[in-house]
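K.L.:
This is the structure, below, for whatever I ask next.
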Amino acid sequence: MARIVGGLCTSHVPLLGRVIDSGRTGEPYWQPIFEGYEPTREWLKSVNPDVLIVIYNDHANGFNFKYTPTFAIGCANEFNPADEGNGPRPVPIVQGHSRLAWHMTESLVHDQFDMTIMNEMDVDHGLTVPLSLVCGQPAAWPFRVIPICVNVIQYPQPSAQRCYALGKAIRRAVESFDEDLNVVIAGTGGMSHQIHGARSGLINQTFDNYFLDKLVTSPEELAGIPLVEYVREVGAEGMEIIMWLTMRGALDDRVDVMHRFYHVPAMNTAVGNLVLENAKAQ
Ligand code: DHB
Ligand code: FE
């Protein structure tokens, strides 16, 4: 049986990808951010998963506005980094796990989540920057990846509650797969930021830290928050943190915190990272 052995969530700030790609992680402005991810990199190495399921959003790079699936799952064998305007990032091609992805698709659809099946999909910074943050710059990513793309940019988006329920359905899907696989689930996006309009530059440390606290202890409380309140608190773009609830939904009610990191600012954005495992003592 496949099993989910841990979860992580992280911001996916595109600029952090550029800093990594241009070899500038040691610069004084950036160094504390990359240092903050070091325990996560160590944890992931020690867990050594076969598959990483990544809940992320596209930013009109891999998709355009011709089609906007609410929930899409990558069933292909590989996914190329998207061209976001300056050419694709110089990172390895993402290797998928087609057999598990197809099994998950069947399980999720039968579990009332009408996933869009993606046989071809380019993945943007929402997925590739988290991989760089938690793996560094390997010649090949050290695990298979199943991308699950959530529409959080085109209104109407799915609710936080729905994202949380998706996590629970993902767990049922993984645990009904017949192969012996260790799976880690990741949620990306956030934390607070708004990159357009009058509130551009918004950062809300109080809400971000409340969100990090409650994601551990009472995710149902966060799942009950209406989207408009997320937009008010963390910005129109920052509301993408609802995808962290999908990761959380796939874990037990009680979890242990393996690592927690929060940093402001990364230019115009708050950066957060949390690593969770199911609680050892129930
Ligand atoms: C930016 C873009 C993002 O998608 C994000 O999550 C954070 C910041 C940006 O363009 O600065
Ligand atoms: Fe984003």
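The values are calculated or read from the model by the stated rules, or taken from the named source; none is laboratory data. Please read these numbers as outputs of a predicted model, since none were measured by experiment. Quick reminder, even Gly has a Cβ in these numbers, built from the backbone with ideal geometry, and neighbours come from all protein chains shown. Ligands, DNA and RNA are stripped out before the accessible areas are found, and what is left, the full protein with its side chains, is counted by its heavy atoms. Shrake-Rupley method; radii C 1.70, N 1.55, O 1.52, S 1.80 Å.
K.L.:
In the neighborhood of I225, defined by Cβ-to-Cβ distances under 13 Å, what is the net charge if each Lys or Arg adds +1 and each Asp or Glu adds -1?
P.N.:
Values: positive: R162, K214, R232; negative: E220, E221, E229, E233.
Surrounding charge for I225 is -1.
K.L.:
Using a 1.4 angstrom probe on the protein heavy atoms only, could you order T206, T188, T116 from most to least accessible area?
P.N.:
Largest to smallest exposure gives the sequence T206, T116, T188.
K.L.:
If you don't mind, there's one more thing I want to ask. If the elastic network links every pair of Cα atoms under 10 Å, which of Q194, Q154, Q205 fluctuates the most in the Gaussian network model of the chain?
P.N.:
Q154
K.L.:
Once ligands and nucleic acids are excluded and a 1.4 Å probe is used, how much of H103 is accessible, expressed in Å² to the nearest 10?
P.N.:
For H103, the solvent-accessible surface is approximately 50 Å².
K.L.:
Ignoring any ligand, DNA or RNA, what whole percent of the accessible area of region 3-278 comes from carbon and sulfur when the probe is 1.4 angstrom?
P.N.:
Result for region 3-278: 50 percent of the exposed heavy-atom area is carbon or sulfur.
K.L.:
May I pose another question? Taking all pairs of distinct Cα atoms, average 1/r, flip it, and tell me the Kirkwood hydrodynamic radius of region 3-278 in Å to one decimal place.
P.N.:
That comes to 18.3 Å for region 3-278.
K.L.:
Compare I195, I4 by solvent-accessible area with a 1.4 Å probe and give them largest first, with all protein chains kept in place.
P.N.:
Sorted descending by solvent-accessible area, the residues read I195, I4.
K.L.:
I've got another one for you. For E179, what is the net charge nearby, where nearby means another residue's Cβ is under 14 Å from its Cβ and Lys, Arg count +1, Asp, Glu -1?
P.N.:
Computed value for this residue: -1.
K.L.:
I would also like to ask the following. How do I33, I153 stack up against each other in accessible area, from largest to smallest, with a 1.4 angstrom probe?
P.N.:
Output order, biggest surface exposure first: I153, I33.
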